[in-house]
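Enquirer: Here you go, one structure.
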Amino acid sequence: MEEPDCPEGSVSDRGGERQTASLPLPDAFLEFLSENGLDPAVYSMAATIPRYIRLKPGMESQITEIESELKCVLEKVSWLPGFYAIPPEIQIAGSKAYQQGKIYGIDAASGAAILALDVRPGDHVLDLCAAPGAKLCMLADTLGTTGSLTGVDVAKHRLAACRTMLQKYCLGDRTRLFVADGTLFSILPVNSRMQRMEGSIGVEENGSTFPEWTSRRSWKDRQKTKKANANGPQHLLATLEPELIYYGKHSGLVGLCKSDVFCPSVDNEACTSGYDKVLVDAECTHDGSIKHIQKFEFWGWKTLDRRILDAGRTENLLQLQLHLLTNGFKLLKTGGSLVYSTCRFAEDRFG
Ligand SMILES: C[S@@+](CC[C@H](N)C(=O)[O-])C[C@H]1O[C@@H](n2cnc3c(N)ncnc32)[C@H](O)[C@@H]1O
């Protein structure tokens with residue numbers, strides 16, 4: 001595909017599409033890049049960008065073994081604890097190290113967002129757009145055996161993938177997962193709230209409490225899913241009520257009354273009992289992800305118009321991001337921090 005006289009990163013014509021090194025980019029996308037002051041050459045670099053993996057804490061002594069299994073050197077990323085670069089062609093999914101949960105694939109950029117959040121022991125952390133869960137896993141890993149982690153996503157099937165990952169990597173002990181609209185979610189961290197309301201929780205007439213989590217679902221629950229599936233695929237949230245689809249042993253929920261957990265925050269309650277850290281890893285156009293743009297070669301460049309260049313879609317996404325951010329700040333404790341991340345190069349404005 002590469003044209004012989006085309007130096008790395010340069011642009012040449014090629015029947016309707018222009019060739020940027022090894023990647024043909026449609027004119028509309030090139031115009032979009034030019035309007036945003038972006039160099040098309042960056043999209044030709046995908047083949048040279050390494051893959052990144054994160055080693056589960058405590059697995060450092062097994063690096064040599066993992067290297068011989070993957071047949072490559074794990075190159076330590078000095079600025080990102082636990083991260084290693086490997087050549088892009090290395091597949092990790094078939095390896096024992098991956099299957100046994102010793103390593104997982106996660107971009108360095110995702111790691112940078114979590115690093116910026118500066119999670120400290122004991123923090124109550126909220127991930128408002130959690131699925132499919134790479135950052136959630138790193139957050140759980142970083143928290144270790146203190147604090148709590150709440151993951152929220154509007155897409156149930158995607159959040160279920162987070163649950164699988166947390167269980168696979170044994171990282172879900174302090175985590176709870178809610179299928180909910182992150183723009184409206186208002187449930188505060190359980191431990192911080194329970195400490196504040198000490199003594200008044202747990203004795204509720206006729207109130208049912210959370211037993212230890214089990215993946216075996218009740219007959220009633222199975223019937224509910226069957227009914228929902230009969231009404232069509234459940235891609236997005238059917239109701240406004242948050243649905244709890246997982247909670248760990250030390251998430252603080254076991255033994256608590258359900259009504260206490262689902263009680264939404266009131267007025268300025270979050271200022272004192274809110275989350276210490278909030279991640280808003282918002283839904284976006286992905287134009288900033290070089291690897292994502294490369295996939296349009298297979299999906300067809302026409303879909304790029306609809307998914308990335310469509311002004312209406314971009315505007316809707318910007319509004320969604322604004323609402324997610326606003327709600328993220330509402331749930332943040334005074335003095336807490338929020339990190340907002342997207343994979344978008346183009347300049348955004350919140351109107
Ligand atoms: C960029 S992805 C998040 C990636 C994730 N943080 C990770 O590291 O794997 C954006 C997510 O936002 C979710 N989303 C979209 N609208 C939402 C909303 N209103 N509330 C909560 N989540 C939403 C999507 O379902 C999608 O899973």
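The values are calculated or read from the model by the stated rules, or taken from the named source; none is laboratory data. Since the structure is predicted, the reported quantities are computational estimates derived from the model, not experimental observations. No Cβ is skipped: glycine too gets one built from the backbone with ideal geometry, and neighbour counts run over all protein chains shown. Areas reflect the complete protein model, heavy atoms only, side chains present, ligands, DNA and RNA absent. Shrake-Rupley method; radii C 1.70, N 1.55, O 1.52, S 1.80 Å.
Enquirer: Got a sec? What order do THR150, THR164 fall in by accessible area at 1.4 Å, biggest, i.e. largest, first?
Expert: THR164, THR150
Enquirer: Can you give me the % of accessible surface on the stretch 48-110 that is carbon or sulfur? Probe 1.4 Å, all protein chains present, nothing else counted.
Expert: 53
Enquirer: Right, another one. How large is the dipole of the stretch 34-105 about the Cα centre if only Lys and Arg carry +1 and Asp and Glu carry -1, each at its Cβ, rounded to the nearest 20 debye? Before the final figure, lay out the partial values.
Expert: Details: 7 positive and 8 negative charges, 64 e Å.
Approximately 300 debye in magnitude.
Enquirer: Read phi for every residue in the stretch 172-186 and hand back ³J(HN,Hα) as whole Hz from Karplus 6.51 cos²θ - 1.76 cosθ + 1.60, θ = phi - 60°, with x for Gly and Pro.
Expert: My calculation for the stretch 172-186 gives x, 3, 10, 10, 10, 10, 10, 7, 6, 7, x, 7, 10, 3, 9 Hz in order.
Enquirer: Moving on. Using alpha-carbon positions, what is the distance between the centroids of the stretch 43-108 and the stretch 281-351, in Å?
Expert: 27
Enquirer: Of LYS56/LYS277; LYS96/LYS227; LYS102/LYS135, which sit over 28 Å apart, Cα to Cα? Can you show the working numbers first?
Expert: On the way: LYS56/LYS277 22 Å; LYS96/LYS227 39 Å; LYS102/LYS135 16 Å.
Checking Cα-Cα distances, LYS96/LYS227 exceed 28 Å.
Enquirer: Once the other residues with Cβ under 13 Å from the Cβ of CYS162 are scored (Lys, Arg +1; Asp, Glu -1), what is the net sum?
Expert: After counting each charged neighbour, the total is +3.
Enquirer: For ARG120, ARG158, ARG51, ARG344, give the ranking by accessible area with the largest first, probe 1.4 Å.
Expert: From most exposed to least exposed: ARG120, ARG158, ARG51, ARG344.
Enquirer: Hey, another quick one. Rounded to whole Hz and in sequence order, give me ³J(HN,Hα) for the stretch 318-331 from the Karplus expression 6.51 cos²θ - 1.76 cosθ + 1.60, θ = phi - 60°, writing x for Gly and Pro.
Expert: Per-residue couplings from phi come out as 5, 5, 4, 4, 4, 5, 5, 5, 4, 5, x, 5, 4, 8 Hz.
Enquirer: Using every pair of alpha-carbon atoms in the stretch 34-105, split the distances into 5 Å bins beginning at 0 and state the percent of pairs per bin, rounded to integers.
Expert: 3, 15, 25, 21, 11, 8, 7, 5, 3, 1
Enquirer: How large is the charge dipole for the stretch 110-177, taken about the Cα centre, if only the Cβ atoms of Lys, Arg (+1) and Asp, Glu (-1) carry charge, to the nearest 20 debye?
Expert: The dipole magnitude comes to about 260 debye.
Enquirer: By how many nm would the segment from GLU35 to LEU184 grow when fully extended, if each residue of separation counts as 0.36 nm and the alpha-carbon distance is taken off?
Expert: Separation in residues times 0.36 nm, less the Cα-Cα distance, equals 50.2 nm.
Enquirer: Which value, in Å to one decimal place, does the Kirkwood hydrodynamic radius take for the stretch 72-122 when every pair of different Cα atoms is included?
Expert: Working: mean 1/r = 0.0805 Å⁻¹.
Result for the stretch 72-122, one decimal place: 12.4 Å.
Enquirer: While we're looking at this one, here's another question. Round to a whole angstrom and tell me the spacing of the C-alpha centers of the stretch 112-138 and the stretch 143-180.
Expert: What the calculation gives is 11 Å, centre to centre.
Enquirer: Next up: May I ask you to order 282-292, 53-63 by the average number of other C-beta atoms within 10 Å around their residues, highest value first?
Expert: So the peptides 282-292, 53-63, ranked by packing, come out 282-292, 53-63.
Enquirer: Next up: Given a Förster distance of 25 Å, report the FRET efficiency between ASP27 and GLU283 from their Cβ-Cβ distance, rounded to the nearest 0.05.
Expert: 0.40
Enquirer: Going highest first, how would you order 129-138, 165-174 by mean Cβ packing within 10 Å?
Expert: Numbers: 129-138: 24.8, 165-174: 19.3.
Ranked from most to least packed, the peptides come out as 129-138, 165-174.
Enquirer: Still on this structure: Could you give the accessible area per residue of the stretch 34-105, probe 1.4 Å, as a whole number in Å²?
Expert: Per residue, the stretch 34-105 has an accessible area of 55 Å².
Enquirer: If I take R0 = 45 Å and measure r between the Cβ atoms of THR209 and THR334 in this structure, what FRET efficiency does the formula 1/(1 + (r/R0)^6) give, to the nearest 0.05?
Expert: 0.90
Enquirer: What accessible surface, in Å², does a 1.4 Å probe find on TRP213, ignoring ligands, DNA and RNA and rounding to the nearest 10?
Expert: Result for TRP213: roughly 80 Å² accessible.
Enquirer: Keeping all protein chains in place and using 1.4 angstrom, which order do PHE178, PHE32 fall into by accessible surface area, from largest down?
Expert: Largest to smallest exposure gives the sequence PHE32, PHE178.
Enquirer: Given H placed on each backbone N at 1.01 Å, which residues far from PHE185 in sequence or on other chains put an amide H within less than 5 Å of it?
Expert: Placed amide hydrogens put nothing under 5 Å from PHE185.
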